[in-house]
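> Sharing a structure, written as structure tokens. Questions coming.
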Amino acid sequence: MSSRRLITASERSKLDPFVVATGDASPRDQRDLMERPFFSLAKTRRTAPILYEAGDVRVEVYAVPEHGMATIWDADVLIWAASQIVEAENLGFKTSRFLRFTPYQLLTSIGRQTGARDYKLLKGALARLQSTVIRTTIRNGEHWRRHQFSWINEWEECTTRDGRVEGMEFVLPDWFYRGVIDRSLVLAIDPAYFRLTGGIERWLYRVARKHAGRQPKGWLFEIAHLHEKSGSLVRVSDFALQIRRIAARQPLPGYSLRIEWQGRREL
């Protein structure tokens with residue numbers, strides 16, 4: 001444990017904190033996270049790993065039983081961080097992987113309430129983001145094949161003597177930070193995304209935004225392929241049923257969904 005503390009202390013001491021001055025920033029998502037299965041889509045605790053492979057891309061996500069895997073709702077923290085970093089860079093401010101902020105700023109930006117329960121849920125999200133381990137070949141460099149990291153290297157709650165939370169800070173992994181400051185790897189998303197309540201519909205919006213973008217003719221996916229990309233633990237038949245229900249409700253901001261059949265293939 002002592003060596004772990006020495007490592008994290010030295011990392012923070014080498015980084016200048018990026019102090020988030022306001023909560024105002026257009027929401028932006030990181031392309032790699034929108035396209036691949038990095039998060040649990042269920043609200044129940046998931047410990048089963050995600051193992052995904054397509055061509056030379058491999059994604060492995062591992063959870064610890066104590067906290068479970070980071071969920072797609074926990075990913076709102078990363079979307080918020082990406083949004084703040086891009087906004088600050090656009091304004092010419094210096095940023096870093098070491099963010100300092102108030103929980104109020106984060107929660108209001110992602111459409112959450114700011115009561116005691118919401119602060120507790122935020123801390124649970126940060127614990128899952130830190131304990132979830134990712135191994136991936138995405139954006140691998142010339143001399144190495146696989147990168148391993150957690151969504152948050154460390155986080156800390158700054159409290160007063162009477163227990164009131166004054167602020168928070170966390171350190172993002174280099175893999176994620178580099179994927180944000182490279183503007184070609186970031187996409188603006190609709191603020192209404194945060195109001196989507198279902199895990200699969202949230203994931204489906206991110207897939208639509210990444211692949212269909214603003215193309216008039218949209219994008220076509222086979223349901224079985226979508227199921228594989230999602231990392232969902234439900235059976236393909238149950239997944240297909242959920243997709244049909246979402247298509248019937250049309251909840252995705254900016255996109256319409258349609259089910260088509262080509263023979264026995266559902267698209």
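> So, in segment 39-92, how many residues would count as being among the small types (Gly, Ala, Ser) and more than 18 Å from residue 127 (Cβ to Cβ)?
Let us first name the residues in segment 39-92 that are among the small types (Gly, Ala, Ser), namely 40, 42, 48, 54-55, 63, 68, 70, 75, 81-83, 88, 92.
Retained after the next criterion (residues that are more than 18 Å from residue 127 (Cβ to Cβ)): 48, 54-55, 82-83, 88, 92.
Residues that pass the stated criteria total 7.
Yes/no per residue for (1) assigned to a strand (DSSP E or B); (2) at pLDDT 85 or above; (3) in contact with a helix residue (DSSP H, G or I) (Cβ under 8 Å, 6 or more places away or on another chain); (4) of a type in the set (Ser, Thr, Tyr):
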{"position": "141", "(1), (2), (3), (4)": "no, no, no, no"}
{"position": "145", "(1), (2), (3), (4)": "no, no, no, no"}
{"position": "148", "(1), (2), (3), (4)": "yes, yes, no, no"}
{"position": "157", "(1), (2), (3), (4)": "yes, yes, yes, no"}
{"position": "161", "(1), (2), (3), (4)": "no, no, no, no"}
{"position": "169", "(1), (2), (3), (4)": "yes, yes, no, no"}
{"position": "175", "(1), (2), (3), (4)": "no, yes, no, no"}
{"position": "180", "(1), (2), (3), (4)": "no, yes, yes, no"}
{"position": "187", "(1), (2), (3), (4)": "yes, yes, yes, no"}
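> Among the residues in segment 70-91, are any loosely packed, with under 14 Cβ neighbours inside 10 Å and farther than 18 Å from residue 186 by Cα? Full working, then the answer.
Residues of segment 70-91 loosely packed, with under 14 Cβ neighbours inside 10 Å: 90-91.
Keeping just the survivors that are farther than 18 Å from residue 186 by Cα gives none.
The answer is no; no qualifying residue exists.
> Sort out which residues of segment 189-200 are among the small types (Gly, Ala, Ser) and outside any helix (DSSP H, G or I), and write them in order of number. Spell out how you get there, then give the answer.
Step one: filter segment 189-200 for residues among the small types (Gly, Ala, Ser), giving 192, 198-199.
The answer is 198, and nothing else.
> For segment 238-267, name all the residues that are farther than 19 Å from residue 37 by Cβ and not in a loop (DSSP other than H, G, I, E, B).
Looking only at segment 238-267, we keep the residues that are farther than 19 Å from residue 37 by Cβ, and these are 241, 244-245, 247-251, 253-267.
Once the filter is applied, which keeps residues that are farther than 19 Å from residue 37 by Cβ and not in a loop (DSSP other than H, G, I, E, B), segment 238-267 yields 241, 244, 245, 247, 248, 249, 261, 262, 265, 266.
> Under 8 Å between Cβ atoms, which residue pairs at least 6 apart in sequence (or on different chains) link something in segment 34-60 that is closer than 12 Å to residue 70 by Cα with a partner that is of a type in the set (Phe, Trp, Tyr)?
Between residues of segment 34-60 that are closer than 12 Å to residue 70 by Cα and residues that are of a type in the set (Phe, Trp, Tyr), the close pairs are 37/52; 39/203; 41/203; 43/73; 49/62; 50/38.
> Right, another one. Could you count how many residues in segment 111-139 are over 30 Å from residue 55 (Cα atoms), touching a Ser or Thr at 6+ places or on another chain (Cβ under 9 Å) and modelled with pLDDT of 95 or more? If you could, list the steps in order and put the result at the bottom.
Going through segment 111-139, the residues over 30 Å from residue 55 (Cα atoms) turn out to be 111-127.
Of the ones still in play, those that are also touching a Ser or Thr at 6+ places or on another chain (Cβ under 9 Å) are 114, 125.
After this cut, where a residue has to be modelled with pLDDT of 95 or more as well, the list is 125.
Summing the residues that are over 30 Å from residue 55 (Cα atoms), touching a Ser or Thr at 6+ places or on another chain (Cβ under 9 Å) and modelled with pLDDT of 95 or more in segment 111-139 gives 1.
> Let me ask you something else. Which pairs turn up if I take residues in segment 157-180 that are in the same structural domain as residue 74 (by TED's automatic domain parsing) and closer than 19 Å to residue 81 by Cα and look for partners that are of a type in the set (Gly, Ala, Ser) and not in a helix (DSSP H, G or I) with beta carbon separation below 6 Å, at least 6 apart in sequence or on another chain?
Short answer, once both residue conditions are applied: 158/167.
> Separate question: Of (1) hydrophobic (A, V, I, L, M, F, W, C); (2) within 26 Å of residue 133 (Cβ to Cβ); (3) under 15 Å from the mean Cα position of the chain (by Cα), residue 188 satisfies all except one. Which?
For residue 188, the failing item is (2).
> Confirm whether residue 90 is more than 30 Å from residue 253 (Cα to Cα) and assigned by TED's automatic domain parsing to the domain that holds residue 64. Lay out the reasoning, then the answer.
Working: more than 30 Å from residue 253 (Cα to Cα): no; assigned by TED's automatic domain parsing to the domain that holds residue 64: yes.
No, not satisfied.
The values are calculated or read from the model by the stated rules, or taken from the named source; none is laboratory data. For clarity, every value in this text was computed on a predicted model and none was experimentally measured. Ideal geometry is used to build each Cβ from the backbone, glycine not excepted, and the neighbour counts take in all protein chains shown.
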